[in-house]
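Quick notes on the structure that follows.
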Amino acid sequence: MLELAKGKLKGKKVIAVMSSKGGVGKSVVSALLSLSLIPSATLIDLDIHSMGIAKLFGIENRSLEVSKEGIVPIKIGNVNLISLAGIVRDRYVILPGRNQSNVMKELIAYSIINSDYVVFDLPPGLGDEVLVLEELTDFKPVAVTTPSKIAIKVVKNLIDYLNERGKKSLVVVNMSYFNCHGEREYPFGYYDGDVNLPIDPNLEEYIGKIHEYNGDVKKVIDKELIPKLVF
């Protein structure tokens, strides 16, 4: 199974969206980033407990189909979605230790991955998900934080770990500012990331149909994040 999973990712351009702090909008960044990768991207939801990606795209009650080639992703626009939600549907999952690692490897090993870009949405924290991904493939890390002092301190642990492993991460500061009469206001303090994303209250209206969103957050991702990630 390990070798099969490695084979599925061999030659792919892999991006891991991660954070050691919860609630920073990592899944939203994963979704919008994937939607911006042309011509296509496979988005794999490795947050196997909450499966936020399925909720963002409104597919939490859709089942994944299985063909002779493997698990068939759900295609929405240019994104091929793979999530445990396509198997358990809109139910919680509790997996201890080794079972968690095995499920992640199996999800990759038995899925059809045809696109050049593969984006992983990882759960918060420094745990099995990071270790499993390191075991399977090389990847470009994107560390997501907010300007909050506690978030920055916690996410710095992840960045330090990645640096020690020889992986320089792009730091995305989500909910960094809002535009007011042509000026940027920083309500939660300022932190200079590689990419700073704005606050867009309208984004909430697109939960369940994130693929239809083309507001300020998506525009900054297109303009500033994508050029740093296309490799």
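Read-outs: derived from the displayed coordinates by stated rules, not from any lab. Every value quoted in this text rests on a predicted model; they were computed, and no experiment measured them.
In deg cm²/dmol, rounded to 500, what helix-only [θ] at 222 nm does the chain give when every DSSP H run of at least 4 residues adds -39500 (n - 2.57) and the total is split over its residues?
Details: 9 runs with 76 residues, N = 231.
So the calculated ellipticity at 222 nm is -9000 deg cm²/dmol.
Can you work out the Karplus-derived ³J(HN,Hα) for every residue in region 17-25? Use 6.51 cos²θ - 1.76 cosθ + 1.60 with θ = phi - 60°, whole Hz, and x for glycine or proline.
With the stated coefficients, region 17-25 comes to 8, 9, 6, 8, 10, x, x, 9, x Hz.
Apply the Karplus parameterisation 6.51 cos²θ - 1.76 cosθ + 1.60, with θ equal to phi minus 60°, to every residue of region 214-228 and state each ³J(HN,Hα) to the nearest whole Hz, in sequence, with x for glycine and proline.
These are the phi-based 3J(HN,Hα) values: 9, x, 4, 5, 4, 5, 5, 4, 4, 7, 10, 7, 4, x, 7 Hz.
Show which lysines lie in cross-link reach of LYS156 when reach means a straight Cα distance below 18 angstrom and same-chain residues fewer than eight apart are skipped.
Partners found: LYS21, LYS26, LYS140, LYS167, LYS168.
In the P(r) worked out for the chain, what percent of Cα pairs fall beyond 33 Å?
12
By how many degrees, 0 to 90 and rounded to 10, does the Cα axis of helix 149-164 deviate from the longest principal axis of the chain?
So the helix axis and the longest Cα principal axis differ by about 50 degrees.
For VAL72 and ASN114, calculate 0.36 nm times their separation in residues minus their Cα-Cα distance, and state this gained length in nm to one decimal.
Numbers: separation 42, 0.36 × 42 = 15.12 nm, distance 1.04 nm.
Difference between extended and current length: 14.1 nm.
For region 2-225, what relative contact order do you get, as a whole percent, if you take Cα pairs closer than 8 Å and at least 6 residues apart? It would help to have the intermediate numbers written out before the result.
Values: 430 pairs, mean separation 62.1, N = 224.
The value is 28 percent.
Counting only residues 5 or more places away or on other chains, whose amide H sits under 5 Å from the amide H of MET175 once H atoms are built in the peptide plane?
For MET175, the qualifying residues are LEU197.
In whole Hz and in residue order, list the ³J(HN,Hα) couplings for region 189-195 that follow from phi through the Karplus curve 6.51 cos²θ - 1.76 cosθ + 1.60, θ = phi - 60°; x for Gly and Pro.
With coefficients 6.51, -1.76 and 1.60, one gets x, 10, 9, 8, x, 5, 9 Hz.
When DSSP assigns beta bridges and you keep just the ones with both residues in the chain, what percent turn out antiparallel, to the nearest 5?
On the way: 9 of 36 bridges.
The antiparallel proportion sits near 25 percent.
Quick check: residue separation of GLU205 and PHE188 times 0.36 nm, minus the Cα distance between them. What number comes out in nm?
Numbers: separation 17, 0.36 × 17 = 6.12 nm, distance 2.25 nm.
Going from the current span to full extension adds 3.9 nm.
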